[in-house]
Each structure stands twice: as C-alpha cells, then as structure tokens.
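Below are the structure tokens for one structure; questions will follow.
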Amino acid sequence: MAKIIENLAQIQVNIEQAKKRSNTEQQVHIIAVTKEVDVARTTEAIEAGLSHLGENRPEGLLAKREAIQQTASWHYIGSLQTRKVKQVIHEMDYLHSLDRLSLAEEIEKRAQHVVKCFIQVNISGEESKHGVTAEETIAFLHSLKEMTKIEVVGLMTMAPYTDDEELIRSVFRNLKKLQQEVVALKLPYAPCTELSMGMSNDYEIAVEEGATFVRIGTALVG
Ligand SMILES: *Cc1c(COP(=O)(O)O)cnc(C)c1O
C-alpha cells in the first residue's frame, strides 16, 4: 500500500493542474473517504494533513469517531435512513445526501444544532442513483424554508461510472449551473456556495468544472 502522504501530494498536484487548465481559482477541499479502511489507515490520513474525512454508513462513522481522538471534520456521504438520523446526526459536520423531505423533517426534529447539508442531485438520471432530480431541486429547496436546523451549503452529485469523459463533464457542469440558480435565489438558509463532486476516477474533471469538495477514497487511502 502506498503512503497516504505520497498519494496526497500527487492528488494535490493534479488538482492544481486541473485548476490551471480551466482557469478557476476556487478552494478545493479533499475529503478522505475512509469507508473501506481501518482506524490505523484513517489516522495515517489525518497525520498526512487531511482534515476532512468521509464515511457512508452509520456504523463506520460511529466506530471511527469513537476510536479517533484527533480533530477532523466528518462528512456523511452515504444515503441515510430516516430511522438512523438520531444515532448519527450529532457525529457529523456535513451531510452530503439530503435527498427527501422526510429526511429533512427527521433532522429538524432530532438535531440540536444547525447541520450543514448538501442536497444530493441525481443529475445523470440513472435509476440506481439517489438524489432529487435537477427539475425537482428548486421546489425541494423551497420546502426546507421553515427548517431551522438545516443549512444548505451546497449541492452534491455522483457522475455515472463510465469512461465517457464528456458525459461525466456534462453532469458536473449541470450541477454547477443548478448551484448558480440556487445562489441567485439568495435564500437565507441556502447560501449554496459549495459543490461536492468528483471521486477517485473523475475528480480532475470535477475540479475543472468547479468542485469545492472532492470525495476521494481508493486513490488516496485505498
Ligand atoms: C465511496 C464513495 C466515494 C469515494 O469513491 P472512490 O472511487 O473510492 O474515490 C465518494 N463518494 C461517495 C458518495 C462514495 O460512496
């Protein structure tokens, strides 16, 4: 297994090059997705300088939080069952998978602080993917108006798993367009300045298209 610090150095170079190619200047935060690795490897990630960690199951999040003492920002990136909200909502700093009103209502009921949320959007329209459709996004956002515990910090998507770069790019570009529409609404509870997109296979394209959070597992800690 390669050292995380070396993987990270390479990924940082790739991200800088992607920003240059596209002439963009956004700050890109790397989320180390630790769902497939153990506590020791996660600790190595923190020691390499990674301060954002991502988990996609309640059990994984709880186990890592229990074992790891260092300060980090914890991102919950998987789909979240409504009945699991109370177990994990106070263990995360960001939720990347807000995708339905029933989930928002449960968060509103259980959370004791404002939760930073990304609305997950199924831009590609694949049936296997979670998320609201692009067409539903604005209406969904308005339905969150009365919720005092939800701040929509951004939008999140997953691109299709394919070699077709142009298809991947169009998914990211459409998420960015949608984000700009949301920003223009100037909703106090939805600044929506962030874009969570890009994984091991496609983070460079995502950065070119404006990602501010990339979620990287395999290429970084795998
Ligand atoms: C697993 C996962 C990732 C990271 O995937 P890699 O291909 O290993 O980089 C990113 N986002 C989500 C939502 C995931 O479930």
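Just so you know, all these numbers are worked out from the coordinates, no wet-lab data involved. The shown structure was predicted, so the numbers you read here are calculated from the model rather than taken from an experiment. So basically every Cβ, Gly included, is an ideal-geometry build from the backbone, and we count neighbours across all protein chains shown.
Of M147, H130, H113, whose Cα points farthest to the positive end of the dipole of the stretch 96-151 (charges on the beta-carbon: +1 Lys, Arg; -1 Asp, Glu; origin at the Cα centre)?
Value: H113.
Expected output is a single nm value to one decimal: the length gained when fully extending between Q69 and Q12, i.e. 0.36 nm times separation in residues minus the C-alpha distance. What is it?
Separation in residues times 0.36 nm, less the Cα-Cα distance, equals 18.0 nm.
Under 20 Å between alpha carbons, and skipping anything fewer than 8 positions from K186 in its own chain: which aspartates and glutamates qualify?
Within reach: E135, E136, E146, E151, E194.
Continuing with this model, one more query. Output the peptides 149-157, 89-97, 59-67, 44-52 sorted from most to least packed, where packing is the average of other Cβ atoms within 10 Å over each peptide's residues.
149-157, 89-97, 44-52, 59-67
Related question: Apply the Karplus curve 6.51 cos²θ - 1.76 cosθ + 1.60, θ = phi - 60°, to the phi angles in the stretch 195-202 and return the couplings in whole Hz, x for Gly and Pro.
Each residue of the stretch 195-202 in turn: 10, 9, 7, x, 10, 3, 7, 9 Hz.
Rounded to the nearest 0.05, what FRET efficiency do N174 and E151 give with R0 = 30 Å and r taken as the Cβ-Cβ distance? Could you check?
Here the calculated transfer efficiency is 0.80.
Something else now. Measure up K20/K64; K64/K84; K86/K177; K20/K129; K86/K145 against 28 Å on the Cα-Cα distance and list the ones that go over.
Checking Cα-Cα distances, K20/K64; K86/K177; K20/K129 exceed 28 Å.
Give the relative contact order (percent, whole number) for the stretch 2-221; include only Cα pairs under 8 Å separated by 6+ residues.
So the answer I get is 23 percent.
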